[in-house]
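I have placed the structure first, in the form of structure tokens, so that the comments after it can refer back to it.
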């Protein structure tokens, strides 16, 4: 992690300074350099975000990976599959928790936390899932197939009650303060839900809401399903304005080898019992590497601005499958937005 980020400051550099431990870093992140680095320095700990971990695991497996001094790693947003695979290859357990850089909200793994869940609020923090009015959302309910029965009620913003006093505010940015600090509470800008056993789950960012045919849902559950498709190392789901009203679902699939079978993907979607009826992507971009921010998080604004353009293959749902989008089809689609008076949405 770049040292300007709170993850690195509070999880790696700060503890090293406080306890007199050695701290090693390279000029820039390198997935191929991870194994040589931890062995060269005899590292016992490292911190990460999920995308960095997936890039490390995309490197060819080597027998010397388990020959290291790592005791554990700490990070956020790695998939259950990636955490298990890293532990298998490197013989090192990984710990995760959810927290805000502002120091206002912490959700931690406890024994019994289900795979994929954030966990429960840390002692001393009162965390709730709330709707736009600030009212607590009910717990999520699921049917026998694992489909959430009440997503519009259960998914809301993660809010830390009474935590505003822990945070001095954003420097010279009153607009951001107004968005996050309300009536003594801290609004994280993240979406989540709570299951009936009290465990909290991440559901994306507030900008990750999609509204398709008057149904609201979050991107994260869809991304988890799409990431199961063989060959996909990461999936990003985001709203694309519909030519008439609401949104369409667009997905960018990271496929390092570039090999993608649209027919197999269509069949795969039909076999997922927890895929909501409105969740299947209308458009699919296949990309060898997703665009990232400086802190190694997927840059969805970059993807949204790309629309269906660029050199990556883009597929569109048509009939009973996905077909490649041609130049003529892209032009016709843009003309459709113009006819409906919604072409300005493509420039936001």
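A short reminder: the numbers here are calculations on the coordinates, not readings from a lab. Here the structure is a predicted model, which is why all the values come from computation and not from measurement. Note that we place each Cβ from the backbone using ideal geometry, even for glycine, and neighbour counts take in every protein chain shown.
The relative contact order of the stretch 51-208, computed from alpha carbon pairs under 8 Å that lie at least 6 residues apart in sequence, is 18 percent.
Considering only alpha-carbon pairs that sit under 8 angstrom and 6 or more positions apart, the relative contact order computed for the chain is 10 percent.
Only beta bridges with both residues in the stretch 213-347 are counted; by DSSP, about 75 percent of them are antiparallel.
Look at 226, 275, 17 and count the other Cβ atoms within 10 Å of each Cβ; fewest to most, that gives 17, 275, 226.
For the stretch 260-285 and the stretch 164-243, what is the separation of their C-alpha centers, rounded to whole Å? The stretch 260-285 and the stretch 164-243 have Cα centres separated by 22 Å. From the Kirkwood radius over Cα pairs of the stretch 117-204, Stokes-Einstein at 20 °C and 1.002 mPa s returns a whole-number translational diffusion coefficient of 156 µm²/s.
Annotation: average projected area of the stretch 1-69 is 4.7 square nanometres, based on the convex hull of Cα atoms across all directions.
Overall dimensions of the stretch 213-347, expressed as equivalent-ellipsoid semi-axes from the Cα gyration tensor (√(5λ), whole Å, largest first), are 22, 18, 16.
Taking the inverse of the mean 1/r over every pair of distinct Cα atoms in the chain gives a Kirkwood hydrodynamic radius of 21.9 Å. Beta bridges assigned by DSSP with both partners in the chain are antiparallel in approximately 75 percent of cases.
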